[in-house]
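Novice: First, the structure itself, so that you have it in front of you.
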Amino acid sequence: HNKGEQSYYNNYTKENVYRLKLIDRMGTRMAVENGGLQVNNPTQMIVPTAYEQTVHFEKQQFSDRLGYQIYQKFTQGLPMRYDREDVLFWKSINAPDLNITPFELEYPVNMNTRYFSAKISLFGSSYKEYPFNQPDHHAIIRVNSALINNKWWSKQTECIFENMTQTQNSHLNHGTNYLYIDLPGDTPSAYFEQIFLDYFQLTYWREYKSSKNELKFSKPSNKGFGLYQFEISNFTDENVSLYKIGSSVFSNLTI
């Protein structure tokens with residue numbers, strides 16, 4: 001499945017096809033970059049302790065064509081097409097309910113002066129045509145004990161929940177965390193209300209640690225250009241390779 005950090009499931013197939021062929025010359029090679037030590041004075045180096053990482057959570061568990069969108073177009077005499085090609089969703093939630101989704105994070109910095117941001121996509125499934133001016137979906141979202149947002153919306157449309165205020169990084173845990181989606185059931189649909197969870201993602205400050213012998217890292221966004229010394233930890237094997245993504249592999253390293 002082609003489900004990378006930025007490219008999610010393909011809309012039309014679960015399989016990727018790659019064709020290999022023999023050519024009469026050397027193929028493209030990754031550039032080799034000298035990673036040797038150039039400066040010994042530690043006062044001339046920036047040694048960061050944390051950086052921002054974005055993690056995306058999405059599962060394709062079922063499909064729904066959101067047919068009310070087609071019905072609206074039909075009644076308005078518009079071309080009947082889907083507004084959304086991706087009609088695969090993670091889970092269905094019926095009001096009233098407090099739905100809990102566990103997810104894993106690695107080594108968030110336990111600091112009140114660093115903040116995380118969240119983005120959650122919900123879709124309305126149920127709908128009421130009357131009254132027109134009254135929303136028929138209401139959800140309250142938290143990550144662990146932190147309130148993310150409280151929103152009302154209508155019909156089979158997407159509603160994006162993002163942080164109302166700065167949310168301290170200290171609300172996050174290394175290991176298991178929880179996304180809470182609360183449907184109070186206080187809409188005109190009452191207990192007939194239904195919504196879909198599509199995906200959620202977090203951008204948070206994390207330490208230069210890994211429990212997987214692999215770490216994708218960068219310099220902190222709050223620091224400028226300069227000479228950096230990155231200190232990584234929790235690797236269980238000293239044979240570490242270092243790559244600049246999309247560019248080069250480092251040689252002559254001191255690990």
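Novice: For semi-axes √(5λ) of the Cα gyration tensor in Å, one of (i) 30, 27, 14; (ii) 43, 26, 15; (iii) 31, 22, 17 was computed from the structure I shared and the rest are decoys. Which label?
Specialist: (ii)
Novice: Using a simple spin-label model with points 7 Å from Cα along the Cα→Cβ vector, what separation in nm is obtained for N40 and F250?
Specialist: 2.0
Novice: Same structure again: To the nearest 20 debye, what charge dipole does the chain have about its Cα centre, counting +1 at the Cβ of each Lys and Arg and -1 at the Cβ of each Asp and Glu?
Specialist: Working: 25 positive and 26 negative charges, 125 e Å.
Approximately 600 debye in magnitude.
Novice: Farthest toward the dipole's positive end in the chain, which of N173, A31, V249, given Cβ charges of +1 (Lys, Arg) and -1 (Asp, Glu) about the Cα centre?
Specialist: The residue sitting most towards the positive pole is A31.
Novice: If the chain between L98 and T113 were fully stretched, how many nm would it gain, using 0.36 nm times the residue separation less the Cα-Cα distance?
Specialist: On the way: separation 15, 0.36 × 15 = 5.40 nm, distance 2.99 nm.
Here the segment from L98 to T113 would lengthen by 2.4 nm.
Novice: With every protein chain left in place and a probe of 1.4 Å, what is the accessible surface of L242, to the nearest 10 Å²?
Specialist: Surface accessible to solvent at L242 totals approximately 60 Å².
Novice: For the range 220-231, take each phi angle, set θ = phi - 60°, evaluate the Karplus expression 6.51 cos²θ - 1.76 cosθ + 1.60, and give the result in whole Hz per residue in order, putting x for glycine and proline.
Specialist: x, 6, 8, 10, x, 6, x, 8, 10, 10, 9, 10
Novice: Here is a follow-up. Gaussian network model of the chain, Cα springs within a sub-10 Å range: biggest mean-square fluctuation belongs to which of L227, L172, L197?
Specialist: L227
Novice: Using a 1.4 Å probe on the protein heavy atoms, what percent of the accessible area of the chain belongs to carbon and sulfur?
Specialist: Numbers: 8050 of 16360 Å².
Here it works out to 49 percent.
Novice: Given an 8 Å cut-off on Cα distances and at least 6 residues of separation, report the relative contact order of the chain as a percent.
Specialist: 29
Novice: A further question on this structure: Check N149: other-chain or 5+ apart residues with amide H under 5 Å from its amide H, H built from backbone geometry?
Specialist: I141
The values are calculated or read from the model by the stated rules, or taken from the named source; none is laboratory data. Quantities reported herein were computed from a predicted structural model and do not represent experimental measurements. Every residue, glycine among them, receives a Cβ derived from its backbone with ideal geometry; neighbour counts consider all protein chains shown. These accessible areas exclude ligands, DNA and RNA; they are computed on the full protein's heavy atoms, side chains included. Shrake-Rupley method; radii C 1.70, N 1.55, O 1.52, S 1.80 Å.
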